[in-house]
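Beneath this line is the structure, given in structure tokens, with notes to follow.
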Amino acid sequence: MISPGEEGLAMSGQSSGPRPGFGSWLGSMWLYTALRFGLFFALWGLLYLIGLKALPAAAIGLILSVPLSYVLLGRPRARMVAQIEARMSAHREARAELDRRLDPHNQD
């Protein structure tokens, strides 16, 4: 079965290859989010075990997790961004194709 987004490409005879899926984007987003939370909780637990109280340990863990996630989680973040860019590009292409087909001045 052809999805609504692929219908325009099928009718025009064009094929842009496999379209980025919602599931793969959502999976990469959840993985990155889980890793960010995991890093925060690992830092919080480590600081709590060192002897800091819960709230200061959480605040310091939050502050430290931001730059550390930028360094340590670069690959999952890049994969998530690539998925988002691919979905946006596919959406723009489908929209341009629909605009082209609906243009009254088009000679196709």
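Give me the extension gain from Leu72 to Lys53: residue separation times 0.36 nm, minus the current Cα-Cα distance, reported in nm with one decimal.
Details: separation 19, 0.36 × 19 = 6.84 nm, distance 2.59 nm.
Computed gain between Leu72 and Lys53 is 4.2 nm.
Count charges around Arg36 for me, please; just the other residues with Cβ under 15 Å from its Cβ, Lys/Arg as +1, Asp/Glu as -1.
+3
Quick one: length gained pulling Glu93 to Ala42 fully straight, 0.36 nm per residue minus the C-alpha distance?
14.1 nm
With a Förster radius of 25 Å, plug the Cβ-Cβ distance of Asn106 and Ile84 into 1/(1 + (r/R0)^6) and report the FRET value to the nearest 0.05.
0.25
In sequence order, what are the phi-derived ³J(HN,Hα) couplings for the stretch 63-78 according to the Karplus relation 6.51 cos²θ - 1.76 cosθ + 1.60 with θ = phi - 60°, rounded to whole Hz, with x for glycine and proline?
Each residue's phi maps through the Karplus curve to give 5, 6, 5, 5, x, 5, 5, 4, 7, 7, 10, x, 5, x, 5, 5 Hz.
Bear in mind that the values in this text are calculations on the coordinates, not laboratory data. A quick note: this is a predicted structure, and the numbers were derived from the prediction, not measured. Cβ sites come from the backbone with ideal geometry, for glycine too, and all protein chains shown count toward neighbours.
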